[in-house]
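The values are calculated or read from the model by the stated rules, or taken from the named source; none is laboratory data. Here the structure is a predicted model, which means the values were calculated and not measured. Note that each Cβ is placed from the backbone with ideal geometry, even for glycine, and that neighbours are counted across all protein chains shown.
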Amino acid sequence: MIITTGTNPIPEIVQRAQSLAERTGCVYAPRGTLSLPKLVERSKDEEVLVVLQEAVRLLRPGMATMEFHPSMGFVRAKRILKGEVDPMLTAAGMLPGDSVLDCTAGLGTDSLLFAVYGSESSIVTALESSLPLYGLLLEGMSHYISGQEKVNAALRRIHVVHSDHLDYLRAQPDRSVDIIYFDPMFRVPLTDSAAISPLRQFANGDALSMVSVAEAVRVARKTVLLKEKALSGEFARLGFTELLRSNSKTSYGVIQIDQ
């Protein structure tokens with residue numbers, strides 16, 4: 001993956017792009033006057049992450065462009081800030097101050113909700129094994145401006161880590177994180193939404209393993225949570241109790257940790 005800017009960037013954006021390239025171990029490619037297709041052709045690289053003054057975009061030739069945006073997560077975050085109930089947080093049994101490990105960060109939507117509700121006293125860690133998505137999250141969560149200051153602050157508090165979740169879990173002490181969350185890519189997509197369809201081209205599509213769940217149960221203090229299609233066989237296969245919701249195509253599965 002290469003990291004670049006728009007044409008004629010201001011010095012601050014160049015510095016951000018260079019810093020992101022250093023943090024991700026990628027190559028910074030000055031844009032100059034080159035079009036993005038020409039830049040890709042010259043670099044011989046498939047993915048390009050473009051840092052702009054008010055956005056960050058990820059693209060692959062022939063695929064739809066992805067831009068960092070909380071999407072429906074922003075709507076849900078505003079509801080949480082108003083004191084409304086969110087089904088994910090209820091299923092997790094989260095309390096403000098709880099620590100959370102999001103093992104499948106994706107676009108970071110769920111990490112954002114945990115951080116908003118958890119407030120300043122919560123530690124939220126978002127793992128992403130895909131390098132392009134990791135770069136997108138790292139830049140987006142550091143600089144995205146939503147128009148809601150508490151949402152912006154929550155984004156900045158999330159600790160984004162480039163790691164396979166099983167490797168990361170194996171390195172953690174027993175009972176060291178309150179809530180561990182999995183939202184793997186569904187085996188069969190529910191929809192071809194504008195947000196999810198581009199995500200599939202970059203995300204890790206592997207099914208969640210029983211080994212990963214076992215490690216999560218070892219590390220968690222309170223809850224291990226799984227999001228899946230309603231009535232999915234994954235809940236039973238992996239040992240989760242499914243919490244069915246009326247009029248919802250998705251469910252949350254829970255493993256409660258004995259205190």
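What do you reckon, is Gly6 more than 19 Å from the chain's Cα centre (by Cα), more than 30 Å from Leu208 (Cβ to Cβ), buried (at least 16 other Cβ atoms within 10 Å of the Cβ) and in contact (Cβ under 8 Å) with a residue 24 or more places away in the chain?
Considered against the rule, which asks whether it is more than 19 Å from the chain's Cα centre (by Cα), more than 30 Å from Leu208 (Cβ to Cβ), buried (at least 16 other Cβ atoms within 10 Å of the Cβ) and in contact (Cβ under 8 Å) with a residue 24 or more places away in the chain, Gly6 comes out as yes.
In the set Leu133, Leu101, Leu95, which member is farther than 23 Å from Glu242 by Cα and of a type in the set (A, V, I, L, M)?
Of the residues listed, the single one that is farther than 23 Å from Glu242 by Cα and of a type in the set (A, V, I, L, M) is Leu133.
Filter segment 242-259 down to the residues that are within 22 Å of Val219 (Cβ to Cβ) and in a loop (DSSP other than H, G, I, E, B), then identify the one that is nearest to the chain's Cα centre (by Cα).
Ile257
Of the conditions (1) of a type outside the set (D, E, K, R); (2) loosely packed, with under 14 Cβ neighbours inside 10 Å; (3) modelled with pLDDT of 95 or more, Leu226 clears all except one; give me its number.
(2)
Look through Ser122, Ser111, Ser129 and report the one residue that is surrounded by 23 or more Cβ atoms within 10 Å (Cβ to Cβ), in contact with an Asp or Glu (Cβ under 8 Å, 6 or more places away or on another chain) and hydroxyl-bearing (Ser, Thr, Tyr).
Criteria check complete, one pass: Ser111.
Report whether or not Arg23 is in contact with a helix residue (DSSP H, G or I) (Cβ under 7 Å, 6 or more places away or on another chain), in a loop (DSSP other than H, G, I, E, B) and outside the structural domain of Gly118 (by TED's automatic domain parsing).
So Arg23 does not fit the description; no.
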